[in-house]
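The values are calculated or read from the model by the stated rules, or taken from the named source; none is laboratory data. All values derive from a computational prediction rather than experimental measurement. A quick note on method: Cβ atoms are made from the backbone with ideal geometry, for glycine too, and the neighbour counts reach across all protein chains shown.
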Amino acid sequence: MASWLLKTEPGAYSFADLRREGRTTWTGVRNPVAQRNLRAMQVGDRAVVYHTGAEKAAVGLAEVVRPAYPDPADRTGALACVDLAAAGPLARPVTLAAMKGHPAFAGSPLLRQGRRSVVPLSADQWKAIEDLARK
């Protein structure tokens, strides 16, 4: 089972939207590396949902419930998407600043390539987010 961090602009689609709907198709990812990450996702993989913009914080958890398939929002047929189910909110948001200050994130693409919308997380990074959410 792999772990991922998925970025979203909360004004466009928030974790609250995912919780209300229960399940969604994660579409609109255009970056080639992020697309490669989407295509690597498998059913049962876990994800942290991260709000971009003014919030800049991990806010909730989700699970991949359908692996990569053609993105129905993409007219070219070149992009993939996955389906996610809400798992639950984090006890408290974990800010980007908190992640930057944690050694588990040293060298992470999350910090080095800020515009990447789908980022793999190591087991140590997943645990760090869980720990930081409990503090």
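Listed values, structure above:
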{"read-out": "Pro10 vs. criteria of a type outside the set (A, V, I, L, M, F, W, C), crowded, with 18+ Cβ neighbours inside 10 Å, under 14 Å from the mean Cα position of the chain (by Cα) and over 15 Å from Val119 (Cα atoms)", "value": "yes"}
{"read-out": "Out of Arg66, Arg116, Arg39, Arg75, sole residue that is out of contact with any Leu (no Cβ under 7 Å at 6 or more places or on another chain) and part of a helix (DSSP H, G or I)", "value": "Arg39"}
{"read-out": "Filter result (touching a Gly at 6+ places or on another chain (Cβ under 7 Å) and at negative phi) within the stretch 64-90", "value": "Val64, Pro70, Ala73, Ala85, Ala86, Pro89, Leu90"}
{"read-out": "Options Leu84, Leu61: the member that is more than 12 Å from Ser117 (Cα to Cα), free of Cβ contacts under 8 Å to residues at least 40 places away in the same chain, surrounded by 14 or more Cβ atoms within 10 Å (Cβ to Cβ) and of a type in the set (A, V, I, L, M)", "value": "Leu61"}
{"read-out": "Residue in the stretch 13-33 that is modelled with the lowest pLDDT, counting only those that are buried (at least 20 other Cβ atoms within 10 Å of the Cβ) and in contact with a Ser or Thr (Cβ under 8 Å, 6 or more places away or on another chain)", "value": "Val29"}
{"read-out": "Looking only at the stretch 64-81, and only at residues there that are hydrophobic (A, V, I, L, M, F, W, C) and surrounded by fewer than 16 Cβ atoms within 10 Å (Cβ to Cβ), the one that is modelled with the lowest pLDDT", "value": "Ala73"}
{"read-out": "Selection from the stretch 99-135 of residues that are surrounded by 13 or more Cβ atoms within 10 Å (Cβ to Cβ), touching a residue at least 40 places away in the same chain (Cβ under 8 Å) and either among the hydrophobic types (A, V, I, L, M, F, W, C) or touching an Asp or Glu at 6+ places or on another chain (Cβ under 8 Å) (or both)", "value": "Met99, Leu110, Val118, Val119, Leu121, Trp126, Ile129, Ala133"}
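The rows are residues; the columns are (1) polar (S, T, N, Q); (2) over 23 Å from Asp124 (Cα atoms).
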position: Asp17; (1), (2): no, yes
position: Asn37; (1), (2): yes, no
position: Gln42; (1), (2): yes, no
position: Val48; (1), (2): no, no
position: Thr52; (1), (2): yes, no
position: Ala57; (1), (2): no, no
position: Val64; (1), (2): no, no
